[in-house]
Every structure is written in structure tokens, then in C-alpha cells.
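Working notes for the structure below.
Just so it is clear, none of the values below were taken in a lab; they were calculated from the coordinates. All values reported here derive from a predicted model rather than from experimental measurement. Heads up, the Cβs are rebuilt from the backbone with ideal geometry, glycines too, and the neighbour counts pull from every protein chain shown.
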Amino acid sequence: MQKMGSAIVLIILGLIVLAFPLLGVVPAAVLTGFLVLILGLGLLFGGIMEMGESAGLGILEIILGIIALVLGIGFIFNPSLFSFVAGLIVYIVGLFLIIVGIVGIITKAGNSRWNGVIALIIGLLYVAVGTLFASNPIYLGILIGLWLLIMGIMMLFQSD
């Protein structure tokens, strides 16, 4: 019974986010922002503590901590930055998949050609979706809404 309630809540939230896409991006950006902010503080304090043992590692942790703090604050106060970074990451993963796909197609092994073709197609899709993310946070909200809706439907039809 509890699973059915959760499924219905996910479906309702998915439909709401699909109707108002930015309602999905803003909470995701703020939550991610707080998590990245905490990560940044941890790295910053860890880097300060590490300076006594290894100056190079301590400086690296401090630099990463500062970057994480800036990104965390940016995600909290500017949700479009979150959308841009998410799109950029998807775009980069797509480029990696395209390269892997091309290498798989070029190699002479039996199944690696078909795996390469599939990786190439998925990579092209990732690049297309990443470009949409980077240009408009509304698409990210729509994808979040679709994800909530699909997860709710899958949970609804899942057997115990």
C-alpha cells in the first residue's frame, strides 16, 4: 500500500513538473547546490588539515573546495547555471560515446562494430540533448518531469 502511495505521488509530481518545467529545475538545483556546497566545505577543511602532511595535496583540495563552493552557491542562487552544467556534462559524455563508437566501428572484432554503432547513436543523442540543456533549462525540467512520471508508473506496476 505504501508503494502505491509513493507511485501516485511520483506520477502527480511528474505531471506537475511537466506542466510547469521550472518547478523541477529549481528544487533540483537548490538541493544539488547545498550538496555541492557541503562538499566544498569538506574539501576546503580537509585541504587545510592536509597541508601539514602534503602541501600539494592540500592545495589541490583547497582549490577543488573553492570551485565546489562557487558552484554550490551558483546552483542555489542561479538554477540556470545548474541546467547549463548538467547539459555540459551530458554533452561531454556524448562526445566520449561518439569517440568510443567510432573506435568500435573501426576495430575488426566481431560484436564491437555493432556495439560501436550503438555507442555512436547514443553519443549523438547525448550531444543533441546536451545542447538542448545548455540552451534552455525548461528542457531539463521536462526531462525531470518525465523521469518522475516514468518512475511512478514503473513503481505502480511493480510487484512486491
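Quick look at the numbers
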read-out: Options (i) -0.24, -0.45, -0.81; (ii) -0.38, -0.68, -0.96; (iii) -0.36, -0.62, -0.98 - which one matches log10 I(q)/I(0) by the Debye sum over Cα atoms at q = 0.08, 0.11, 0.15 Å⁻¹ as calculated here; value: (ii)
read-out: Vicinal HN-Hα couplings computed from phi for segment 53-61 (Karplus, 6.51 cos²θ - 1.76 cosθ + 1.60; Hz; Gly/Pro x); value: 8, 9, 4, x, 5, x, 5, 4, 5
read-out: Residue-averaged [θ]222 nm for the chain, counting only DSSP H segments that reach four residues, each worth -39500 (n - 2.57); value: -31500 deg cm²/dmol
read-out: Neighbour-limited loop hits for GluC sites (Glu not before Pro), segment 19-112 (at most 14 other Cβ within 10 Å; DSSP other than H, G, I, E, B); value: Glu53
read-out: Listed peptides 30-36, 141-147 by packing density, highest first (mean Cβ within 10 Å); value: 141-147, 30-36
read-out: Mean projection area, nm², convex hull over Cα of segment 1-65; value: 6.4 nm²
